[in-house]
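Just below is one structure, and these are the notes that go with it.
The values are calculated or read from the model by the stated rules, or taken from the named source; none is laboratory data. Because the structure is a prediction, the values reported are computed rather than measured. All Cβ positions, even for glycine, are placed from backbone atoms using ideal geometry, and neighbour counts span all protein chains on display. Side chains are part of the model used for accessible areas, which takes the heavy atoms of the whole protein and leaves out ligands, DNA and RNA. Shrake-Rupley method; radii C 1.70, N 1.55, O 1.52, S 1.80 Å.
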Amino acid sequence: MTHVPSPNFADLDWWRRSVVYQVYPRSFHDGNGDGTGDLLGMSHALGYLASLGVDAVWVSPWYPSPMADGGYDVSDYCDIDPRYGTLDDAALFVNEAHGLGLRVFIDLVPNHASSAHPLFQAALAAAPGSPEREMFIFRDGKGDDGDVPPTNWGALFGGSAWERVVEADGTPGQWYCHMFAPEQPDWNWENPAVVELFDGIVRFWLDRGIDGIRIDVADSMAKNQNFPDTPTDPKTGYGTTAKFQGHPYWDQPGVEQIHRRWRAIADSYAGSRLGSRIFVSEAHMSPAERLVRYVAPGRLHTTFNFDHLWCEWSGPSQRAMIDTILRVHADVDAPATWVIGNHDTTRVVTRYGKPETGWRFVADGVHPDDALKFAEYFAPLPTDVALGRRRARAAALLEFALPGVAYIYQGEELGLPEVEDLPVESLQDPTWERSGHTIRGRDGCRVPLPWSGERPPYGFGPGNEQPWLPQPADWADLTIAAQTGVPGSHLELYRAALAERHRNPALGDGTLTWDDSAPEVLSFTREPGFRCIVNYGDEVVPIPGNNRLILASSDVSAGIPRDTAVWLSV
Ligand code: GLC
């Protein structure tokens, strides 16, 4: 593969201020017209991403997968799912992205494989205690017949974290551990062969010019080898998945060694033409002091700051959250990573249009234990989409003004709402089945993007094939084509903000200084000469004299009204 790095690829610190766009490949753009997104569609869309003004594209898993969990069940880590294309298509995509000055991130899923992975199939066929079984976490059951799971651990998608297998002679046998769906058996990271396998996978992709790697559930690989029970979750009857300190499968000391090992591998590529290769860790963890251990020197580069995503839409909560995040990241000299949406969470437009917009964790210490509970909590609340969209616009200006790295989940730039009324027969998230049809799960934020046209499939693919998840009938005004060049559209606000972020030396990595303001107003400056004001309260805030307006998220002709952000030149 030949790379055509554009000149900014010489900048070793690029990752400290990037804007990264998340592509969920199944739902982004369909090049061959079969109703599923693919690499051809992604390549066609690179011009769109470059014109949006992002610096990098993170592609959610693109590997061969039975799709029990939308690709987070990987059956071959060094290939591309045939529905998406081939390794050559991926090489072309990376090359074309680099040619446009865009970095490419992939998603590494190290906690678990797919049960269709050949090594898991070999483990099933082999005997208890064999080297094949040692690649995964097999244990004998408890009780006289071994029919009680080895621990009471709960799986995140519901039910027990253990599944019993049938041995070669047809008798009920050992149990294997799966923190997510039964189709996602956990690797045994105590086994050096697993460690080496993943060293090779990381190198495989870095050799192919990948610039960044998002680590899926980066806090989960190591398990407490005493396999203790956890306190029982009163709701499920299984062991709780809540991440208390010392939980047997979250944030165990062993994960640090794994991170440091990968960091050393990535660092060994720093001298290559593409410069620094980086990691972003996905770990839902609180408090923030605990989270930033993951980006201490020599460990990973960045870690999603989900406190941002979970923070309610109010001046005091947002300010406290921003303050904490900036302080703890400064302590370890890592840039903060801001995120208001992803493929696991109720879309921001819908979330901010609810009577409850987040978790009051800052105020009262309450914290959700995982994203699924988040969706479950928000789904029944009514939504004011117009209000949510207004706030989401303000939230975007705030996010892009903050020091550090910003993520955009595909469709966020279009102001897409969560699709909360998908027909149940279309639901694919494993949670739907595993919860006995009580939790719909995350499909509502994964509906394929509307590109153009008046009705589904809205130009998602070249023909009229309907996409794998149905799109709403009222998205004609939200398509990329409908919003392009329309002053004031959600998309053009994003474009203008990202263009300014590139132009303005005050934005990106660095620090901020708070101005004096009422609790319901956030006002800060960044040097040289930049100010951002967000008004969460009822009182209109005047634009300070001698400040020049750069951008506003709503009409500010009579001052800054409620749920509005402005960028000013001081
Ligand atoms: C991460 C992914 C999520 C997936 C889970 C298991 O949280 O973001 O989509 O279901 O890990 O891999």
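Taking amide H positions as modeled 1.01 Å from N, with prolines and chain starts lacking one, the residues under 5 Å from Ile278 and 5 or more places away or on another chain are Gly212, Ile213.
For Gln174, the residues 5 or more places off, or on other chains, whose built amide H falls under 5 Å of its own are Val165. Using the Cα coordinates of the chain, the gyration tensor eigenvalues translate into equivalent-ellipsoid semi-axes of 38, 26, 25 Å, sorted from longest to shortest.
Taking only protein heavy atoms and a 1.4 Å probe, what accessible area per residue, in Å², does the chain have with all protein chains in place?
Result: 36 Å² per residue.
Each principal axis of the range 214-370 carries a Cα extent, and these read 51, 41, 28 Å when sorted largest first.
Annotation note: trypsin sites (Lys or Arg not before Pro) in the range 231-275 located in DSSP loop regions with a Cβ neighbour count of at most 14 within 10 Å are Lys235, Arg273. Summing Cβ point charges (Lys, Arg +1; Asp, Glu -1) relative to the Cα centre of the chain gives a dipole of roughly 1540 debye. You can think of it this way: the chain between Asp509 and Asp145 has 125.1 nm of extra reach, that is 0.36 nm per residue less the Cα-Cα gap. In this structure, Asp229 and Arg208 have a Cβ-Cβ separation that, at R0 = 35 Å, corresponds to a calculated FRET efficiency of about 0.25. Straight-distance candidates among the aspartates and glutamates for linking to Lys354, with alpha-carbon spacing under 12 Å and chain neighbours fewer than 8 residues away dropped: Glu312, Asp384, Glu418.
Considering only Ser51, Gly254, Pro472, the residue lying farthest towards the positive end of the dipole of the chain is Ser51, judged by Cα position with unit charges set on Cβ. Largest accessible area first, the residues Val385, Val570, Val541 order themselves as Val570, Val385, Val541 under a 1.4 Å probe with ligands, DNA and RNA left out.
Across the range 225-298, Cα-Cα pairs more than 18 Å apart make up 54 percent of the total.
Rounded to 0.05, the FRET efficiency of the Val385 and Thr484 pair, given R0 = 35 Å and the Cβ-Cβ distance, is 0.95. With coordinates expressed along the principal axes, the C-alpha atoms belonging to the range 20-123 extend over 47, 27, 22 Å, beginning with the largest. Shape class for the range 112-220, computed from the alpha carbon gyration tensor (a ≥ b ≥ c): prolate, with a/c not under 1.5 and a/b above b/c.
Rounded to whole numbers, the Karplus 3J(HN,Hα) couplings from phi for the range 176-184 are 10, 8, 9, 6, 10, 6, x, 6, 10 Hz, using 6.51 cos²θ - 1.76 cosθ + 1.60 with θ = phi - 60°, and x at Gly and Pro. Under a 5 Å amide H cut-off, with hydrogens placed 1.01 Å from N, Val57 pairs with Tyr21, Arg103, Val104, Phe105 among residues at least 5 apart or on other chains.
At q = 0.13, 0.19 Å⁻¹ the log10 of I(q)/I(0) for the range 473-570 amounts to -0.51, -0.96, computed by Debye summation with a single uniform scatterer per C-alpha, solvent ignored. Above 24 Å lies some portion of the pair distances; for the range 176-274, what is it as a whole percent of all C-alpha pairs? Beyond 24 Å sits 33 percent of the P(r) for the range 176-274.
Quick one: Debye curve from the alpha-carbon atoms of the range 429-523 only, equal weights, vacuum; give me log10 I(q)/I(0) at q = 0.23, 0.24 Å⁻¹ to two decimals. Rounded to two decimals, the profile gives -1.09, -1.14.
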